């Protein structure tokens, strides 16, 4: 699923050797990154799905859906890569062979196929517009379809302990049975820009007014921290909320409208620290080696002490970071930066 | 500050290089960056509320020139573009020899613009040249049709805007000199050595003095004397004083007998270089003595939109309005003593000089947000999100319309929509 797990802390491959590279792409990197131990997968705004050698950054294969745009994080399961493609007349969910990019199947969607999918059992759980659905992963056949009433757009779905969670705009988060599509609970919190993070039996969501923790089983509010009214911005991403990342009892959450990143104690919402960034952060962070890594929409990547919020390093780049979140392979941060995909080794931050 | 549109004093056909045409042929002279040393480029008059947008071939980092008839805009593709402010129609394009990002200066029927990019040609202790091996140029284009009247080669880059007074065009360059040219012919009148190069800081002129800001090279700009404000007489280039403040990204503001400059202190090595702080200093305009100094908190310098770390402020009504880009903050200082009147936090760093008009401050930031802020309290009254960053190109208000560049797009926005 988006960012590998429901905590969204995509820290993988502890033994991966340090790498530093930057590879210019033909279009902006829109979605997040997926990794299967051999390749990194990402999508580009022009409709490309790329498989990339993580050591060098060079493309291993490229699949293109003509006329489409791609903004969803690819999902990898078994020998297949799943990705959603948006665009008028071209909205679709597709599966590709991980080895060489051969398309295996396509399932027609609509123009709003931007969220990532989630793989659960033998099925692919998808969301777009007001629809949540399950496809059979082997051939893309629809198994069930459910609706989130009044939803204009949805987040990426996540699965934790046998429940599917998805947020929507206007403010809504729902818990759904991934086997049947039956709604287990629905709560008026969250937004499409923030894929729920799930940990400690809590579902963490954000909208323009608050960060909230909902009970995983009932949807009841466990804590809620109001957000002061902020400023909307569109450079990098139009998102007004960002998915948080959980690690070690703490939710690390960007508050884009206030150009702030905060650490909330997951159990009760106590604000451990908050730090102002130069510009809004619209991506989920990655927490590794005691530090939080995020990039903002003025092009700065931060290494922030996860305990204190102190900025240990700030690297400016020429292009805005978008909602495309990083992953950490060993001691290397891999992140999309406009039309670049970058690997930044930890020593660069020293 | 409200400025009446000046009436043409004389008109005469322009002559070719070598002869000297009368200089007062334009409706409104535009003698320096943001019109005057306060940088509050407000042109009063009956110009109506107008809306249009025009994409140019390159990013726009320099300010606008305006002469009452045309808007002159430099861009990174190497063009200076004359635009009809009523319609957004391109009237002519003139070609430079490199990136064009100096504010076009307009006087005597000519439009003056310099070329250059931020390339380090030589960087040794005591010897720094920013530019390229073949040098750059100052160009004089005829305002009516964009044809070239003269050009003047500079050894270093010629990015910073010039200032015009009394028939003399004064500017600093990337090879550590200030130059005075006969504006009518392009003939060199004087050259004065400077303590560093001038990268982006436009020249300001008040009375008989021109003010420039210099920075030494990458190796030495961290040192206590790495940056200087220099006051010299624009008639002969003689130096009056020099003071170790400011930064050559930041054009000096001159008002109330003070020169206001913003400085930059950044880290020395590796990624730490991006972390630093801005300071603001007010100097006595006649002597260079420090009247007050303010140091901001530590923040981060950024490159999206534009690389500037120090930004020219704007003076209006006893107040200096100054961006602190390291902190993504706008600060209002009481000009006479530096007291902080208010601080406004923006979504991203503002890298342009703001405008102040009828109680509102107007500015755009590096994440594409354009603000209307109460000049009295600092409260954000309105914010408009654009999809591209605002750069260091500052806005201009003419009558009922605000003109501003958003990356490579020039926009005319009716003030009543803001």
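So the values come out like this:
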item	result
Output for segment B:298-322, where each listed residue is modelled with pLDDT under 95 and in a strand (DSSP E or B)	B:299, B:300
Total residues in segment B:246-297, condition surrounded by fewer than 18 Cβ atoms within 10 Å (Cβ to Cβ), assigned to a loop (DSSP other than H, G, I, E, B) and at pLDDT 90 or above	6
Residue B:358 surrounded by fewer than 18 Cβ atoms within 10 Å (Cβ to Cβ), under 17 Å from residue B:414 (Cβ atoms), in contact with a helix residue (DSSP H, G or I) (Cβ under 9 Å, 6 or more places away or on another chain) and at pLDDT 95 or above	yes
Which numbered condition residue A:45 fails, given (1) modelled with pLDDT of 95 or more; (2) more than 29 Å from residue A:266 (Cα to Cα)	(1)
Tally, over segment A:215-240, of residues that are within 16 Å of residue A:155 (Cα to Cα) and buried (at least 19 other Cβ atoms within 10 Å of the Cβ)	3
Any hit, segment A:330-344, residues being assigned to a loop (DSSP other than H, G, I, E, B), surrounded by fewer than 24 Cβ atoms within 10 Å (Cβ to Cβ), without any contact (Cβ under 8 Å) to a residue 12 or more places away in the chain and more than 10 Å from chain B (Cβ to nearest Cβ)	no
Per-region count, segment A:281-301, residues assigned to a strand (DSSP E or B) and within 14 Å of chain B (Cβ to nearest Cβ)	6
Where residue A:228 falls short, out of the listed (1) within 22 Å of the chain's Cα centre (by Cα); (2) farther than 16 Å from residue A:336 by Cβ	(1)
Selection within segment A:241-275 - over 26 Å from residue A:290 (Cβ atoms) and buried (at least 24 other Cβ atoms within 10 Å of the Cβ)	A:241
Members of segment A:244-264 found to be assigned to a strand (DSSP E or B) and more than 22 Å from residue A:166 (Cα to Cα), listed by number	A:260, A:261, A:262, A:263
Selection within segment A:222-238 - farther than 17 Å from residue A:29 by Cβ, more than 7 Å from chain B (Cβ to nearest Cβ) and in a loop (DSSP other than H, G, I, E, B)	A:227, A:228, A:229, A:230
Residue satisfying all of: in segment A:1-22; over 13 Å from residue A:245 (Cβ atoms) and crowded, with 17+ Cβ neighbours inside 10 Å; nearest to the chain's Cα centre (by Cα) among these	A:1
Scope segment B:310-323; condition surrounded by fewer than 24 Cβ atoms within 10 Å (Cβ to Cβ) and in contact with a strand residue (DSSP E or B) (Cβ under 6 Å, 6 or more places away or on another chain); matching residues	B:316, B:319
Candidates B:259, B:240 - the one that is away from chain A (no Cβ under 14 Å) and closer than 19 Å to residue B:103 by Cβ	B:259
Residue list for segment A:130-147, filter: more than 20 Å from the chain's Cα centre (by Cα) and either over 23 Å from residue A:4 (Cα atoms) or not in a strand (DSSP E or B) (or both)	A:137, A:138, A:139, A:140, A:141, A:142, A:143, A:144, A:145, A:146, A:147
Segment B:160-192: number of residues that are in a loop (DSSP other than H, G, I, E, B), touching a strand residue (DSSP E or B) at 6+ places or on another chain (Cβ under 6 Å) and within 17 Å of residue B:101 (Cα to Cα)	4
Selection status of residue A:208, over 19 Å from residue A:285 (Cβ atoms), more than 14 Å from chain B (Cβ to nearest Cβ) and assigned to a loop (DSSP other than H, G, I, E, B)	no
Segments classed as strands (runs of 3 or more DSSP E), wholly inside segment B:323-394, with at least 1 members that are at the interface with chain A (Cβ under 9 Å from one of its Cβ atoms)	B:340-345, B:369-374, B:380-385
Count - residues of segment B:397-410 that are surrounded by 18 or more Cβ atoms within 10 Å (Cβ to Cβ) and part of a strand (DSSP E or B)	9
Criterion: within 19 Å of the chain's Cα centre (by Cα) and modelled with pLDDT under 95 - qualifying residue of A:150, A:106, A:127, A:118	A:127
Members of segment A:53-63 found to be in contact (Cβ under 8 Å) with a residue 40 or more places away in the chain and either outside any loop (DSSP other than H, G, I, E, B) or over 22 Å from residue A:328 (Cα atoms) (or both), listed by number	A:61, A:63
Selection count where residues are within 13 Å of chain B (Cβ to nearest Cβ) and surrounded by 24 or more Cβ atoms within 10 Å (Cβ to Cβ), scope segment A:315-329	3
Any chance residue A:278 is in a loop (DSSP other than H, G, I, E, B), buried (at least 24 other Cβ atoms within 10 Å of the Cβ) and more than 14 Å from chain B (Cβ to nearest Cβ)	no
Verdict on residue A:241 being more than 14 Å from chain B (Cβ to nearest Cβ), in contact with a strand residue (DSSP E or B) (Cβ under 7 Å, 6 or more places away or on another chain) and in a loop (DSSP other than H, G, I, E, B)	yes
Any strands (runs of 3 or more DSSP E) falling wholly within segment B:30-120 and containing at least 3 residues that are surrounded by fewer than 23 Cβ atoms within 10 Å (Cβ to Cβ) and in contact with a strand residue (DSSP E or B) (Cβ under 9 Å, 6 or more places away or on another chain)	B:52-55, B:90-95
Complete set of residues in segment A:302-311 that are more than 12 Å from residue A:346 (Cα to Cα) and more than 8 Å from chain B (Cβ to nearest Cβ)	A:304, A:305, A:306, A:307, A:308, A:309, A:310
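The values are calculated or read from the model by the stated rules, or taken from the named source; none is laboratory data. Quantities reported herein were computed from a predicted structural model and do not represent experimental measurements. Note that we place each Cβ from the backbone using ideal geometry, even for glycine, and neighbour counts take in every protein chain shown.
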